[in-house]
Every structure is written in C-alpha cells, then in structure tokens.
Amino acid sequence: MRKTLFLFLILLSAVMGAAAQQRAIPDLWGHRVHDEAHVLSQATIDRLEVILKEHEDSTTNQIAVLIIPSLEGEDLEGYSIRVAHDTWKLGKKNRDNGVLLLIALDDRKMRIEAGQGLEGVLTDAICSRIIRNEMAPHFREQQYEEGVTAAVQAIIKAIRNEYQADADDDTLQPGLSWTERLAMGLFVFTILGIFTVLGIFVPGGSGWFLYAFLIPFYATFPMFILNTTGGLILLVLYLVCFPIARLVAGKTAWAKRMARTAKSSSRRNGGGWSGGSWSSGRSGSSSSFGGGFSGGGGSFGGGGASGSW
C-alpha cells in the first residue's frame with residue numbers, strides 16, 4: 001500500500017509541476033493589440049487598433065494580436081487556446097467569430113487561432129498560407145511591424161473571401177491532423193483516466209482532492225482535442241459521474257479492504273499524507289491606446305494553423 005501511495009504522489013507531483021509551468025496570460029485591458037515583446041511602435045499599435053475596431057464594428061468579428069517574448073516551455077497550441085478560449089473569450093457567443101494572432105518571438109513560432117464560426121473561411125490551409133506568405137518573410141528580416149500588419153490585413157481579407165495566395169501550393173502546413181489529435185487524445189485521456197480511477201478508489205479526502213484537482217484539466221484539454229461541445233459534455237459527465245462512481249465504489253469489498261489497509265498503515269506510521277494547494281501569479285500589460293474591448297464568450301475548437309520563421 002505504501003508503494004502505491006508513493007507512486008501516486010510522484011505522478012501527482014509531475015502533473016502539478018506541469019500545470020505550474022503554464023505561462024501567465026496578460027489581461028485584456030480593453031485592447032486588441034498586446035505587444036509584450038516590445039517590437040511594435042506605438043503608431044503601429046494604434047493603427048492596428050483602429051483597423052481591428054472598424055472590422056469588429058462592421059462584422060462583430062473579434063480579432064486580437066498577442067506578441068510574447070517566449071512560451072516559457074509551454075505548447076504553442078495549448079497556450080493559444082488558453083488565451084483565445086479560456087481567458088480572453090474572443091468572439092461573440094453563439095457566433096464563435098473570434099481570431100487570435102499569437103507570436104512567440106524568441107521561440108520563432110506563430111499561430112492563427114480561428115473561432116469555430118470562422119473555420120469555414122479561415123481554413124487551416126488559408127491560415128497556413130497567411131503565416132508562410134505574409135508573416136514569415138518579414139519576420140526573417142526582423143520586419144515585425146510589416147509582418148504583423150500584413151497578417152492582420154490578410155486575415156480580414158480571408159474572412160471577406162478576398163484573400164488568394166498559392167492556391168496550387170501542395171506544401172501547406174495545416175494545424176493538427178486527425179492522426180495527431182488521435183495520438184494526443186490517447187495520451188491525455190490515458191493520463192486523465194489513471195488519475196480519475198485513482199480518485200474513485202483512493203479512500204478518504206485524498207480522492208475528493210483529486211476530483212477537484214482534475215476539474216481544470218477536464219475543462220481544458222478535451223475542448224482542444226475534440227471541440228467545445230465535446231469538451232463540455234465530457235466535463236459535465238466527469239462532474240456528475242465521478243461522485244456517483246466514488247460512492248458506489250466505496251461500498252465494494254475491495255474498496256473496504258483498501259480503506260482498512262490505509263488506516264492500518266497510517267496507524268503504524270503515525271500519520272498520513274495530505275494534499276496541499278498551489279497558485280500562480282499572473283501579470284498583464286497593455287498599450288496606451290484607449291479601448292473598451294472585451295471578449296464576447298466565443299468558442300474555439302483548435303482550427304487554424306501554426307508556423308515558424
């Protein structure tokens with residue numbers, strides 16, 4: 001029993017360590033353009049703010065730009081979803097018409113995250129072309145202002161069905177393929193499944209601690225791998241079924257023996273173990289351009305494309 005708990009603690013520490021390494025997300029502060037890497041002039045930021053505001057006023061589409069120095073070890077696609085869907089909530093609710101242009105300067109990575117309502121016009125292929133043809137050439141020459149401006153203009157043209165480039169290009173670099181999603185899904189759901197089963201059968205408060213601890217993971221990863229609807233369904237099933245399964249499992253003979261073993265081991269060792277809590281700070285930055293911009297609750301399902309230069 002002690003070996004099982006020791007292994008459980010190691011796995012739990014690894015998951016908590018990975019969660020603690022998530023990069024902070026800046027507050028929206030009413031602005032559409034956030035340049036934490038300080039590569040855009042104020043004039044360019046103001047000009048982009050005007051372009052994006054006019055586009056939103058005429059279409060309700062919400063486009064935002066985020067430039068960060070580094071991902072700090074986090075996955076580009078995962079961070080993009082956390083920004084666009086979980087925190088900024090770009091796009092109008094029920095229209096899901098948000099777009100995030102994310103650039104990680106030191107990592108030399110960029111991504112266009114398209115809301116579910118715009119995936120028909122901002123396809124993976126078109127997003128890849130915009131990155132490859134409009135952004136990457138400028139970024140290789142360290143012409144960041146020109147690259148960002150060209151990308152924003154191309155995104156707006158694509159939404160209007162006016163963007164055309166390399167229609168015959170067969171070297172596209174789309175977002176995650178179904179094979180990649182399947183592989184990622186098997187890995188993520190296997191890990192979640194292991195910890196869920198442990199939470200159901202581990203006696204005492206430790207199981208309920210695991211229940212609460214896993215909620216953010218069920219609320220994030222399934223939405224990215226599946227889609228918003230599938231992720232929400234899985235989250236609700238977890239929230240409802242876990243307590244029921246735990247109550248039922250607690251009445252089984254195996255669970256009762258496990259509880260007696262845990263109590264006996266605790267008495268022999270003069271105590272037990274308990275889970276702690278952790279928190280991470282977050283900081284935000286904004287430009288000096290006035291605003292009032294805020295997300296409208298749009299949803300993202302992983303549409304878009306990533307690239308590098």
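None of the figures in this text is laboratory data; all of them are computed from the coordinates on show. Computed from a prediction, not measured in an experiment: that's the story for all the values here. Reconstructed Cβ throughout: ideal geometry from the backbone, glycine too, with neighbour counts over all protein chains shown.
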Seminar exercise, completed: In whole Hz, the Karplus estimates of ³J(HN,Hα) for segment 214-224 (6.51, -1.76, 1.60; θ = phi - 60°; x where Gly or Pro) are 7, 4, x, 6, 5, 7, 10, 5, x, 5, 6
Exercise. Want the number for Ala24 to Ala125: 0.36 nm per residue separation, take away the alpha-carbon distance, what's left?
Worked result: 33.4 nm
Problem set entry | Scaled radius of gyration (Cα, divided by 2.2 N^0.38 Å) that segment 57-110 gives | 1.21
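Fewest Cβ neighbours within 10 Å first, please rank Glu119, Glu134 accordingly. Provide the component values of the computation, followed by the final result.
Working: Glu119 17, Glu134 23.
Starting with the residue having the fewest Cβ neighbours, the order is Glu119, Glu134.
Just to check, using Stokes-Einstein with a Kirkwood Rh over alpha carbon pairs, what's the diffusion coefficient of segment 70-219 at 20 °C and 1.002 mPa s in µm²/s?
Answer from the Stokes-Einstein relation: 121 µm²/s.
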For this session: Give me the distance in nm between label points sitting 7 Å out from Cα along the Cα-to-Cβ direction at Val188 and Cys241, one decimal.
Result: 1.7
Exercise. Under a point spin-label approximation (7 Å from Cα along Cα-to-Cβ), what is the Asp106-Gln153 distance to one decimal in nm?
Worked result: 3.2
For this session: Taking 7 Å along the Cα-to-C-beta vector as the label spot, tell me the Trp208-Leu232 distance in nanometres, rounded to one decimal.
Result: 2.9
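May I ask you to compute the full-extension gain from Gln143 to Thr59, defined as 0.36 nm times their residue separation minus their alpha-carbon distance, rounded to one decimal in nm?
Working: separation 84, 0.36 × 84 = 30.24 nm, distance 2.94 nm.
The span from Gln143 to Thr59 would gain 27.3 nm if fully extended.
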Problem set entry | Within-15-Å neighbourhood charge of Pro69 [Cβ basis; K, R +1; D, E -1] | -3
Seminar exercise, completed: In whole Hz, the Karplus estimates of ³J(HN,Hα) for segment 50-63 (6.51, -1.76, 1.60; θ = phi - 60°; x where Gly or Pro) are 5, 4, 6, 5, 4, 5, 5, 4, 8, 10, 6, 5, 10, 10
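Distances longer than 22 Å among the Cα atoms of segment 79-156: what percent of all pairs is that? If you can, show how the numbers build up before the last one.
Working: 703 of 3003 pairs.
So the pairs more than 22 Å apart make up 23 percent of the total in segment 79-156.
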Problem set entry | Fraction in percent of alpha-carbon pairs per bin - 5 Å, segment 45-84 | 5, 19, 23, 16, 16, 14, 6, 1
